[in-house]
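First the structure, in the form of structure tokens, and then the observations on it.
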Amino acid sequence: MTKKTIETLETELTSAITGAADIDALEQLRIRALGKKGAITDLMKTLGRMSPEERQTEGPLMNGLKTRIGEMIAARKTDLEAAALAARISEETLDVSLPVRPGPEGRIHPVSQVLDEICEIFADMGFAVAEGPDIEDDFHNFTALNMPPEHPARQMHDTFYLPAEEGGERMVLRTHTSPVQIRTMSSQKPPIRIIAPGRTYRSDSDATHTPMFHQVEGLVIDESTHMGHLKGCLEAFVSAFFEVDDVEMRFRPSYFPFTEPSAEVDIRCVFKDGELRVGEGDDWLEILGCGMVNPKVLEYCDLDPERYQGFAFGCGIDRLAMLKYGMNDLRAFFDSDLRWLRHYGFAALDIPTLGGGLSR
Ligand code: DAH
């Protein structure tokens, strides 16, 4: 009789275990079979009431059933756990190739944009980009540029001085990018062809001046470069930068201690409907200073002025950005106003190239 009961119970439990849909259902089943009041436990209790002979045959049968059911439940549990884990993993899959945001939100600041445009134009003419420190010594910022102490041109620079080091000189925040000329000529042999864009500082602030602003310096040194090359180079630059075929330029005689002769360059333009048109009209706009490198500067850099010569130029980048993109207050450049940046900024992936167009 017991054998029959055991078989029925085993068949029943086996199909219930295989059919258990999840771990909870399986646990309920385990309690119903092997728990304190479970079917198999109840069955085992009947052993106590049996005669020793009966017990000898029934005992192993019952124990066998208990073991098999226990193992079956454990195996099913492992399977269900593995299936639950697999389901969770596939449900929680992250597609890392999806963009975080629908589109890039950041904008390129007009100064960065113009800087990239300038580098692109000069790189095309074979210029390398050189750099120098923002905190300069007096020698590189002034003396070696033919502005010895007491030179009146120093006064025009509204220099920011750092506190003097003990027994030492006062360092300055560079007032122009021209000291990079000195650093380049002192560390490289001609031929030299570089531009040096960067931050510059002067104690000045109004709609067209900020205490920190940007300049780009240009320098060409070899044995035969002359003023004609300077003019050709700047003409190519201005027409590429303003994206106009013919830009009329005016080289006005001027004075800079580090160039001789020196000139300031104006471009023909007109303001029409609040917009600047380059290459037309009757107005002239000054955009940069330039000249042939003064032999004294070459001497400061240990270059023989009998052998080497060349030209240099310096230009305000912020001003070029204002002119090209129609912004009228320089201070807004450095206000970090997001609305301004969204309006005047450039798309991050629109990198200016000569082939694709500098500005779009
Ligand atoms: N360093 C001058 C300034 O900040 C600009 C300049 C003029 C640079 C003439 C030059 C140059 O290299 O030749 O006002």
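The values are calculated or read from the model by the stated rules, or taken from the named source; none is laboratory data. For clarity, every value in this text was computed on a predicted model and none was experimentally measured. No Cβ is skipped: glycine too gets one built from the backbone with ideal geometry, and neighbour counts run over all protein chains shown. To get the accessible areas, we keep the full protein, side chains included, count just its heavy atoms, and leave off ligands, DNA and RNA. Shrake-Rupley method; radii C 1.70, N 1.55, O 1.52, S 1.80 Å.
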Which of SER224, SER97, SER205 moves most in a GNM of the chain, Cα contacts under 10 Å?
SER97
Want the number for LEU338 to MET156: 0.36 nm per residue separation, take away the alpha-carbon distance, what's left?
62.1 nm
Proximal aspartates and glutamates to LYS3, defined as alpha-carbon separation beneath 19 angstrom and excluding residues fewer than eight positions away on the same chain
GLU12, ASP42, GLU53, GLU54, GLU58
When the charge dipole of the chain is computed with +1 on Lys and Arg Cβ and -1 on Asp and Glu Cβ about the Cα centre, the Cα farthest towards its positive end, among ILE182, GLN215, ALA75, belongs to ALA75
Segment 254-303 -> Rg/Rh from Cα coords, Kirkwood Rh, value 1.27
Could you please put LYS231, LYS3 in sequence from largest to smallest accessible area, using a 1.4 Å probe?
LYS3, LYS231
So which lysines pass the test for LYS4, namely a Cα distance under 22 Å, with those fewer than 8 places away in the same chain ruled out?
LYS37, LYS45, LYS66
What aspartates and glutamates could a cross-link reach from LYS36, if we take a straight Cα to Cα line under 15 Å and drop same-chain neighbours fewer than 8 places away?
GLU27
With only Lys, Arg, Asp and Glu charged, each at its Cβ (+1 for the first two, -1 for the last two), find how big the charge dipole of the chain is about the Cα centre; round to the nearest 20 debye.
2460 debye
Between GLU92 and THR67, the FRET efficiency computed from the C-beta separation at R0 = 41 Å comes out, to the nearest 0.05, as 0.60
Evaluate the relative contact order of segment 110-344 (contact order divided by residue number), counting alpha-carbon pairs under 8 angstrom at least 6 apart; express in whole percent.
20 percent
Quick one: in segment 3-87, what % of C-alpha pairs are over 23 Å apart?
27 percent
Distance between Cα centroids, segment 49-116 to segment 216-280: provide it in whole Å.
71 Å
Report the dimensions of segment 48-93 along its three principal axes from the alpha-carbon atoms, largest first, rounded to Å.
61, 14, 5
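Carbon and sulfur together cover what percent of the accessible area of segment 110-344 at a 1.4 Å probe radius?
The C+S portion of the solvent-accessible surface of segment 110-344 is 47 percent.
Given 10 °C and 1.306 mPa s, compute D for segment 301-360 with the Stokes-Einstein relation, Rh being the Kirkwood radius over Cα pairs; round to the nearest whole µm²/s.
On the way: Rh = 15.0 Å.
Estimated via Stokes-Einstein, D reaches 106 µm²/s.
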Relative pair counts by distance (%), Cα atoms of the chain, 10 Å bins:
5, 18, 21, 13, 6, 3, 4, 6, 8, 8, 6, 3, 1
